[in-house]
Structure formats: C-alpha cells, structure tokens
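Just below is one structure, and these are the notes that go with it.
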Protein chains: 2
Amino acid sequence: MYRHVKCHGGSNRCSQVSSKTLTIDKLSPNILAMEYAVRGPLDIRAREIEKELQSGAKKPFKNVIKANIGDVHAMGQPPITFIRQVVACAVCPSLIETCCFPADVKARACEILESCGGYSVGAYTSSQGIERIRKNIAAYLAKRDGHPSDWENICLSSGASAGIKNILRLFCKNIDGKKTGIMIPIPQYPLYTAAIAELGLVSVGYYLDEDNDWGLSAEELQRSYAAAATTCNVRAIVIINPGNPTGQVLTRKNIESVIKFAHEKNLFIFADEVYQQNIYDKNSQFFSFKKILCELGEPYCKTELASFMSASKCYMGECGLRGGWMEVVNMDLDVRAQLYKSMSAILCPNTIGQIVIDCVVKEPCPGDPSYDLFNKEKTYMLKSLAERAMMAHHTFNRMEGFSCNNVQGAMYAFPRINLPPKAIQKAKENKMEPDVFYAMRLLEESGISVVPGSGFGQKPDTYHFRTTILPQPKVLKEMLKIFEGFQAKFLKEFS
Amino acid sequence: MYRHVKCHGGSNRCSQVSSKTLTIDKLSPNILAMEYAVRGPLDIRAREIEKELQSGAKKPFKNVIKANIGDVHAMGQPPITFIRQVVACAVCPSLIETCCFPADVKARACEILESCGGYSVGAYTSSQGIERIRKNIAAYLAKRDGHPSDWENICLSSGASAGIKNILRLFCKNIDGKKTGIMIPIPQYPLYTAAIAELGLVSVGYYLDEDNDWGLSAEELQRSYAAAATTCNVRAIVIINPGNPTGQVLTRKNIESVIKFAHEKNLFIFADEVYQQNIYDKNSQFFSFKKILCELGEPYCKTELASFMSASKCYMGECGLRGGWMEVVNMDLDVRAQLYKSMSAILCPNTIGQIVIDCVVKEPCPGDPSYDLFNKEKTYMLKSLAERAMMAHHTFNRMEGFSCNNVQGAMYAFPRINLPPKAIQKAKENKMEPDVFYAMRLLEESGISVVPGSGFGQKPDTYHFRTTILPQPKVLKEMLKIFEGFQAKFLKEFS
C-alpha cells in the first residue's frame, strides 16, 4: 500500500515515502490546470505583507492598498441603507414591529417573507430562486430593454459566477471526438479560464483591440474561430460588457456584429453584463445583448443567449452577500429543464443574496419614504466612481512608460506598461513573467496590490496590469501619486 | 446550419427542424445522467398541486404536507433568536446603537464586523471563509472531540453540499485508464449520486443493513469494494452519520471498522456529519470520524478524511442562509493548496451563512444575556424532534404492511412497505417504479409529499419511502393519521 510519490510544490515534506491516497500525481488534472489570478500569488503575498505590518515589520509604506479585487465595501464604500434595512427586517421580523425603519422597508420585507416557506429566510427556496423575485427581475428587464422577459427564463444564483458555471457545464460533451471550445476575450476575467479548465473545455481566445478602445473586431472573431475550429467544436462565445479588466463599453454596432457572427457560426452567447450600471463615459451607453438581439429581428433574434448580472457590482457592491441572476433567451425548453434539474442538487441560492437582488430590480419610487436617501446614495456612488475612472485614466496616461484607454465603464483601469528591456531581462532571470515581476516590485516597495496582465491574457510582448478604481477618492489620489513615484524609480533603475 | 434534432421529453415542439446550438443530443451526458430525487418529479407535482389548490381546485385535502424535504423553517419551526439578532446587527450596524437587542448579540456582531473588509458583510471574505470564524470552528471541534483541530484545515462553504462537491472533484482523474470509484451507502442522500454523475465519477454502492438498524457490515464493504475494483479505482468512501435517509446513528465499533477498512484499502473518507446534533435515541451517541480516527492510533490515525457540517440541520435549521464547513484531516499539504486554489474562482461563501456558523460553534454561555432564551429554544427544538422521531417510528411500525427502524437520529423515517403484488403489477403497467407509484398515489389522494425509496437506492425488490419528522407535532400526528387511512385504503384496493 505504501508507495513513492513525486515531489511537487518545492516542499521537502515529499522526500519521504507517502501513503496518501490523494496526492498531486493522482489529483484531477483540471483542478491542477485552474488558475485565478485575482486571488493568485500576488494577492496571497499582499495578505502576508498585511500580517507582517500588523506584527510591526518595517516597510516603506504603512498599509497595503488592495487595488487588485473589485471589492467595493472593503475599499470603504458604505452599503445602500435601503438594501440593508430590508435584509435586516427579513432576517429578524421582530424589527418590523419595533424599529424605526421607513414603512416601505418594512412593507418590502413583509412582501418577501410572504414568499418564503414558513415566513422565514431560513427556508429553502426553489432552486431557481423565489418566484416573486424572478417576476420582479423580469419586469426590470422588460423595462430596461423595451422587450418582454419571461420570468421562467430567469434563475437567481449565488453571485454571477455560479450561474456562469451552471451554463458552461452544459457544454461538456465531446462531439466527433472533439472537445467543446468556448470563445473568450483576451484580456478576460479569469473566472472564465478557471471554469473552462475545471470543466475540461477549451478556451478559444479572441483579442480585444487595444487601439480601438478595447472593442471587438469581426475579422478577429473570424480568425480566432477558424484557428480553433479544426481542433475543437466551437459552440459558444463569451462577451464581457462593460469590460473586465478592460473597462470598455461596447457600441451598438459592435454588439450587432457579435450577434451576427454568433448566428453565422451557430454559437451560444454568454453576455457577462454584471457592470451594466457602471457607465462613466458621456459618449457611452449600455445596450444589453438581449435588447439588440430582439431589435435585429429574424433570423438573429433566435440566437441563444444567457445574460448574467450580480449584486456585487454596480452601485450596491454587495460582494459578500452573493446575489446574482441569469436570463436565458431562446434556450431549448428541454435543455432548460435539464439546466434547472442540474441546479436542484445544491438546493438553492442563499436567500439574502436574493433579497438584495429584489431591492436592485425594484428600487424605491419617488414618493416612497426611502426614495430620497436611496437615490442620493446611488447617485453619489455612481458619480464618484465616474470621477475616479477619469482620475485613474488621466494619471496613468500622463505617466512615463504607460498608456491607458478611457475607463468607459466597469470598475477597472488596464494600463499598458512599456517595460524597459533590462526589466524584462531581470524578470526572466527570476523566472517570472515581466508583468508579474513589475507588480511584485510595486507591491513590495509601495504596498499597492494590482493584478498583472498575464492573469487576464494579453497580446505577446505587451504588458499590462489591472487596478480597480475603488479606493476612496482621497486614497486613490494618494495611490496614484505613490504609483507615479514608483514608476519613475523603476524606470531609472532599469533604463 | 439547420439540422434535424431528435425528439426528447415527449415534447411536440421538437417535431420541427431546430437550429439550436444547445440541444439535448449535444448536452453534457453527465448533466443528463444527474438525478436528485428530493426535488424530482414528486416534488414538482406537489408544487403543482399547491398551485391548483390556490386556484380553487377541489381535492380530497386542503393543503400539501411537504414531508419530502428537510426544510425545518418551512415546516413551522421558528428560527433561533440569538442567531437572527446577530445577523441583523451585522447587516445593519446602525441597529447596534439603536435597537434593544442584548449586549452579547451586539458584541458578537461587532466582533464579526471587525473581521470583515471595510467593516461590512458586503465585502468578499477569504475563499476559505473569515479567519476568526475558522478559528472558532477549530475550538468547537477540539472541544467536541477532545483532540486538537487546525483552523487552516477548515473551510466554510455555502451549505455542506458545496464543500462535498469541492472535495469530490479532486478525484476526477482516470488512472491506468480507469475512472475513480466512490463508495456510497445504499440508501444514500442523492446529492452524492448527483454530484458523482455530474463529475463523471463512478458510484460504488454498499448496502446498509436494514435488519441491523441500518448499520454497516465489514463484509458488505469488502464485497462492494471487490465487485467494483476490477472496473474502477475505488479511492474514497462516503459515510452519512447520522444517516440520511435512514436515521441510524453509528456505534463506535461500526465507525472503527469503517476506518480500518478505509486504511486497508487506502481510501479517503467523506464523513457527512451534518446531523451531528440530531441524536434522539437514549442508547445512541454521536462520535465523529475524526475523534475515533485519532483514538485508534497508528496507523489508522493517518487516514485521510473530510468531515462536513451544515447550518441547515441540527436545532438551527437555517437552510436558506446556506452556511456550512468542512474539516480536512491528514490531507497532503500540496493537495490542500490545490483545493484552496480551486475554491478561489468562485470568490467566497456568503457572509451571512458564515455568521450563522459562528453562532453555532460559539453559543452564548451561561451568564450571557442571551443564554437563557438560546438554551430554551435549542433544547425545545431538539426535544420536540426526539418526540416526533418516536411518534413517526411507532406509528409506522404499527401500520399494516410497514416496518420501520428506530429513528435514532437525523430528521427522517425510512419505513419499508410491503407492496401487494397487484400494486407492483399496476405500477409496471404505468411504467413506474412501484414505490414511485405508491408515493404518487399518496400525494394525489392525501396531499402528503414523501420521497420514494428508489430515489435513495434500496435492495432489489424492497420498497421504502423517506418522510421527514419535521411537521410540527400536531401536523405530524394528523399526517400520520391520514397516512394510516390511505394505507388501509391502498391495501384494500390492491389485495
């Protein structure tokens, strides 16, 4: 029963004989292949540095600025009062009698509790979520797009990520001996490469056009498809709009060309639209894929689509409460039944995330007691993010060695760095990607935590990093100043 | 691009030409193979009947009694006040200043908020959960077992199911061309067959011994292993203790024999211990696998183990809030690093479920302002469940055609039905499993919703069903009476 096990991970524990049944060499290769850069080595090192600082270690900075993860509240944004009051009343219905929250808060909590088994958020809901909330989402979508939405096409999920994985796994079938390929943008949000690797699917990258505000080009889609189609069955395309990490907002024309391409190649569209309310550029407007698909008419309006939304982004930023939904459009009804069946084994999305979504799709109306405060908080948040988007874009653009597209939407800037050849050389000597080398130096010397471009994908021999625009305005200003100092020093060292 | 698609699901929609990219014939075979009987056709029909009743349909009953799902609050159990007050304060920190909740509630909420980014439950936590809560779990486990627990071996999850799937997927590797087999009890909780099917692993069933209080026999484990070992690599064994759907509580001796067997065959143990506080039989006691493993000493104490716990069961029954944890023991550290990496892509378990777990592992102590009420509510709940367990077991045992083991623990009775040959014949004519036929008749004629034994697995030519013991005492009594009437009528019809 005892046997030798190969050593991995540089650990000297492995030098001895191991009797483990679960060893690296017997581990799922898909799990080994998964990478999720947003919580990768740089994030782990940032957390270590935080602990070192707490233990009194001396560093050239007082605290770590976590610009690596789109974690709105962690960066000091206060929650939206209406949402939190509704959740508190639903969790503790005695508050409905005893506390001084506005009447519309209490009424909303009662409404939701009436849809819960035993009038409790502790009861399981349907695996697709509470019917009343699904109907409220459908009403929101119909109003947003000017086209009807069927509530039975809507499922709630614990964050958008869970929904995306639920749809992706439907594609796990080799046909004619070939795996399924999923087209994803490069750069992309690494949930996609992680989930695709986990499921044993194939990532088929198409490049976003940095010189054209990170837009999509029809030629590039054709090139990417053709290059992959010989080795896998390309069956779906992922679009992230507004873009993560790239911050672009696609034009109507761009969306039309994607839909036409998807129709031509018979692709299922994944529309990751979790930043749909984060639009900052005055010349940009958010169009949902569903809306454009409806308006293109036959035959394009028959294209299969799943659109994803999250409680973690937009103005509410309730990441920790794990709310989200998806709308499937034109999905074969037998397939939808299989999708819903497959979701039932993990029972249901958490009820609190569902309540947050209810508040998002059915905001207080003018005249409601909560309206003024809600509107003030929401408007302030979106306006402040727009200012921070502008500040980040301008500062990076004026820094030597950087260029940065306009942050039209989402929560990130994705500047390009012109790394000096000596820095690239040094990185290679250290067996690091040059952008990882840069980001690690930035972290160690300035306490700023960003995610290197290689974690999202980028064109060969180009280097980027993603920073959120979420630090509060004063902190962001300070961060950009520190960044500027670091960059000047770095260029001097390696020029 | 257009092509003919085979018709599935009896739908006449399919008779026409389909241009869909995602059709049943191109769907993941693993998804098609998944079944989760607890939310299967009977549950779907029960929900339909509820809607029919709401629309004024005339039935021989006024409402559906959902005894099919372990949904504590939906069956009228009120939540534990302490837990809900802590959650409400953490969600809405203004309550800490303004409301009249006890001081220990407020202190706990503050403690948790100090561990949250930006002092908000809306921030992401570490993918393994909040460090402080992981440490509190470790302290609880050390006290429960009398053996140390390392907090870095503990991960929180959104319900136990998510944790179980996270460990199962590590085993997705074919070795020497053979898939991995996972030993599961028959009957089993169908999350296991569903997750194993989804992941493309192989279910290797071992029978529980109905004549011996649903205990495990070492011979049966050997038989099951030997039968499977030629076609797959058996690498893990799942034990559900206390049992679902079978309600048994394993003896120390039984657990020792499983650990010795697992050691002999080099198996990883999945210890599903989500009902660890639901022990009703005076002669039964809960022993964790971790505890017995530690106490068996070398070489058995080196066996790899993952133990799972949930916020959905025990006395709190907070199903909708999706809290859970797992402790991994003796896991190779490189493998654990891969496990944690693989969990990071879906970011983190929801914070509210984490808070519930914190309250469960760190209860109010004698002297704390919340102690008396907490203790009263917890004790009442567990005592009442014990009474209901007894009531269900006795009633089923005295009914003609039924035999039912003692409900030693968990939340279910799993009686055996002696179906008359004519009923079996009738079921076969209707192309139904005989126990499904029985359960469907029960639902249509009496409004009682149970899960047929075939959804959990049972020995050939034996028939069972699972009913929860969760209806409130008065309703349960009423339900058992209706059941008795139905059974008498059924036997008369088919004798």
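Largest first and in whole Å, the equivalent-ellipsoid semi-axes of chain B read 36, 29, 26, each the square root of five times a Cα gyration tensor eigenvalue.
If only the Cβ of Lys and Arg carry +1 and only the Cβ of Asp and Glu carry -1, the dipole of region A:181-338 around its Cα centre is close to 220 debye.
When all alpha carbon pairs of region B:262-302 are counted in 5 Å bins from zero, the resulting P(r) reads 5, 19, 24, 22, 14, 12, 4 %. Per residue, region B:340-443 exposes an accessible area of 41 Å² to a 1.4 Å probe, with every protein chain left in place.
The convex hull around the C-alpha trace of region A:21-130, projected and averaged over every direction, spans 13.3 square nanometres.
Here the translational diffusion coefficient of region A:318-361 follows from Stokes-Einstein with Rh set to the Kirkwood radius across Cα pairs; for 20 °C and 1.002 mPa s it amounts to 179 µm²/s.
Neighbours of B:GLY243, meaning other residues whose beta-carbon lies under 14 angstrom from its beta-carbon, give a summed charge of -4 when Lys and Arg score +1 and Asp and Glu score -1. The Cα center of region A:247-317 and the Cα center of region B:283-333 differ in position by 45 Å. The other copies place their A:SER55 label points at 6.6 nm from this one, listed shortest first, where each point is 7 Å from Cα along Cα→Cβ. Taking a Cβ cut-off of under 12 Å around B:GLY200, the surrounding Lys, Arg, Asp and Glu residues balance to a net charge of +4, with basic ones at +1 and acidic ones at -1.
A simple spin-label model places the labels of A:ASP176 and A:THR230 1.4 nm from each other, with each point 7 Å out along Cα-to-Cβ.
Working note: Cα atoms of region B:209-271, range along each principal axis, descending, whole Å: 31, 19, 18. Cα-Cα over 21 Å: which of A:LYS422/A:LYS489; A:LYS341/B:LYS341; A:LYS26/B:LYS165? Check vs 21 Å cut-off fails for A:LYS341/B:LYS341.
For region A:207-307, the residue among A:HIS263, A:THR230, A:GLY215 whose Cα projects farthest onto the positive side of the dipole built from Cβ charges is A:HIS263. Once the other residues with Cβ under 9 Å from the Cβ of A:ILE80 are scored (Lys, Arg +1; Asp, Glu -1), what is the net sum? Computed value for this residue: 0.
Across identical copies of the chain, B:LYS481 has label-point separations of 7.8 nm, listed in ascending order, with the point defined 7 angstrom from Cα along Cα→Cβ. Shown here is the pair-distance distribution of the protein assembly as shown: with all Cα-Cα distances grouped in 10 Å bins from zero up to the longest one, the shares run 2, 11, 20, 25, 22, 14, 5, 1, 0, 0 percent. Across region B:383-447, C-alpha contacts under 8 Å between residues 6 or more apart give a mean separation that, scaled by the residue count, equals a relative contact order of 20 percent. If you wrap the tightest convex hull around every Cα atom of region A:362-453 and split its volume per residue, you get 126 Å³.
Globularity index of region B:65-191 is 1.41 (Cα radius of gyration / 2.2 N^0.38 Å, N = number of residues). Peptide B:191-203 has a mean of 2 when you count, residue by residue, the C-beta atoms of other protein chains within 10 Å of its C-beta. Label points for B:LYS383 are taken 7 Å from Cα along Cα→Cβ. From this copy to the others they lie 5.9 nm apart, shortest first.
As a test of understanding, state the convex hull volume per residue of region B:426-495 from its alpha carbons, in Å³. Working shown, then result.
Numbers: hull volume 6.4 nm³, N = 70.
That works out to 91 Å³ per residue.
Farthest towards the positive end of the charge dipole of region A:53-116, among the residues A:LEU95, A:GLN85, A:PRO60, is the Cα of A:PRO60, using unit charges on the Cβ of Lys, Arg, Asp and Glu.
What is the percent carbon and sulfur in the accessible area of region B:101-189, measuring with a 1.4 Å probe over the protein chains and ignoring ligands?
It is 51 percent, rounded to a whole number.
With +1 on each Lys and Arg Cβ and -1 on each Asp and Glu Cβ, and nothing else charged, work out how big the dipole of the protein assembly as shown is about its Cα centre, in Debye to the nearest 20.
Charge dipole of the protein assembly as shown: 660 debye, to the nearest 20.
Using a 1.4 Å probe and counting only protein heavy atoms, how much accessible surface gets buried when A and B come together, both sides summed, in Å² to the nearest 100?
Details: alone 22420 and 22390 Å², together 36700 Å².
That pair of chains buries around 8100 Å² in total.
Around the Cα centre of region B:19-70, unit charges on the Cβ atoms of Lys, Arg, Asp and Glu (plus for the first two, minus for the last two) sum to a dipole of about 220 debye. Over chain A, what is the percentage of antiparallel beta bridges among all DSSP beta bridges, to the nearest 5? Beta bridges within chain A, antiparallel portion: roughly 50 percent. When the alpha carbon coordinates of region B:286-363 are projected onto the principal axes, the ranges are 40, 33, 17 Å, largest first. With a 10 Å cut-off around each Cβ of B:154-166, the average count of Cβ atoms from other chains is 2.
Straight-line reach only, C-alpha to C-alpha below 23 angstrom: list the lysines that B:LYS282 could link to, leaving out same-chain residues fewer than 8 apart. Reachable lysines: B:LYS143, B:LYS253, B:LYS290, B:LYS291, B:LYS313, B:LYS376, B:LYS378, B:LYS383, B:LYS477. Computed on region B:107-153, with alpha-carbon pairs under 8 angstrom and 6+ residues apart, the relative contact order is 23 percent.
Taking every residue in A:42-50 and counting other chain Cβ atoms within 10 Å of its Cβ, the average works out to 1. Multiplying the residue separation of B:ALA57 and B:ARG45 by 0.36 nm and subtracting their alpha-carbon distance yields 2.9 nm. When the accessible area of each residue in region A:297-323 is compared between its chain alone and the complete protein assembly (1.4 Å probe; ligands, DNA and RNA ignored), which residues differ by at least 20 Å², being lower in the assembly? Checking the loss per residue gives A:GLU304, A:CYS319, A:GLY320, A:LEU321, A:ARG322.
Counted as membrane-span-like here are DSSP H helices of chain A whose alpha-carbon atoms extend 30 Å or more along the helix's own axis and whose Kyte-Doolittle mean is -0.5 or above; these are A:473-494.
Only Cα pairs under 8 Å and 6+ residues apart enter the sum, and on that basis the relative contact order of chain B stands at 20 percent.
Given A:TYR412, A:PHE437, A:THR395, which one lies farthest toward the positive end of the charge dipole of region A:393-437, if we put +1 on the Cβ of every Lys and Arg and -1 on the Cβ of every Asp and Glu? Farthest towards the positive end: A:PHE437.
The values are calculated or read from the model by the stated rules, or taken from the named source; none is laboratory data. Remember, it's a predicted structure, so these values are computed and weren't measured experimentally. All Cβ positions, even for glycine, are placed from backbone atoms using ideal geometry, and neighbour counts span all protein chains on display. The accessibility values were calculated without ligands, DNA or RNA, using every heavy atom of the protein model including side chains. Shrake-Rupley method; radii C 1.70, N 1.55, O 1.52, S 1.80 Å.
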